[in-house]
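The values are calculated or read from the model by the stated rules, or taken from the named source; none is laboratory data. Everything numeric here is computed off the predicted structure, so don't read it as measured data. Cβ sites come from the backbone with ideal geometry, for glycine too, and all protein chains shown count toward neighbours.
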Amino acid sequence: MITSEQEALRGWFTGRLPDGLYTELVEVAVDREEITVIGRIPAPEISAEASRAERAAAVEGRLAEFRERTRSERMTVAREAEHRFGRKVSWGAECDGARALFTTVAAPVMTRLRQPERQVLDTLVEAGVARSRSDALGWCVKLVQRHSQDWLGELRDSLEHVRRLRAQGPDQEPDAPQD
């Protein structure tokens, strides 16, 4: 679900990004700490007889080349956006079905867990699924995200509806008189 804030950010980045940086702007994701901008880049030209491993290596190389070549342009836009929107900007690219994210924000999240929840995390650590409770909690969040997209989408739709209704509420500034 795309919020009005995401639409505004997508519009700003669409207008602000240098021509040719991406062939298409794929996604602009936003939360309280970060704006992530992901665009599509051209796939490398490779022979039709290339193996799957050769194709994957070529795509990986193209993504790395894009990251290095466009760093200064992306950082210029990021500085401007960070000042304007008060959030860090992270970048990513999609190429031939592969996605790479560049220097994303890992924000700390504090939580209090009771013993049964801690035991779940400790089991994941003891089983080698995660290195720490923090990693285990991140693993759990990713698992819920993967298996709950429909439910989370409906919840985000509802939240956006509530935001729109609040914006129309009586606590808002009255409209300026019309001339």
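Which of the residues spanning region 5-36 are within 30 Å of residue 167 (Cβ to Cβ), in contact with a Gly (Cβ under 7 Å, 6 or more places away or on another chain) and buried (at least 17 other Cβ atoms within 10 Å of the Cβ)? Full working, then the answer.
Narrowing region 5-36 to residues within 30 Å of residue 167 (Cβ to Cβ): 5-17, 25-36.
Keeping just the survivors that are in contact with a Gly (Cβ under 7 Å, 6 or more places away or on another chain) gives 25-26, 36.
Answer for region 5-36, where residues must be within 30 Å of residue 167 (Cβ to Cβ), in contact with a Gly (Cβ under 7 Å, 6 or more places away or on another chain) and buried (at least 17 other Cβ atoms within 10 Å of the Cβ): just 36.
Have a look at 47, 72 and point out the one that is more than 30 Å from residue 156 (Cα to Cα), outside any loop (DSSP other than H, G, I, E, B) and polar (S, T, N, Q). Being more than 30 Å from residue 156 (Cα to Cα), outside any loop (DSSP other than H, G, I, E, B) and polar (S, T, N, Q) holds for just one of 47, 72, which is 72.
Would you call residue 165 at pLDDT 85 or above, surrounded by 10 or more Cβ atoms within 10 Å (Cβ to Cβ) and assigned to a helix (DSSP H, G or I)? No; evaluated as a whole, the condition is false for this residue.
Of all residues being surrounded by 14 or more Cβ atoms within 10 Å (Cβ to Cβ) and not aliphatic (A, V, I, L, M) in region 119-133, which is nearest to the chain's Cα centre (by Cα)? Just the residue, please. Per the stated criteria, the residue is 133. Within region 89-145, the residues that satisfy the criterion of being touching a strand residue (DSSP E or B) at 6+ places or on another chain (Cβ under 9 Å), assigned to a loop (DSSP other than H, G, I, E, B) and either aliphatic (A, V, I, L, M) or in contact (Cβ under 8 Å) with a residue 24 or more places away in the chain (or both) are 104, 105, 107.
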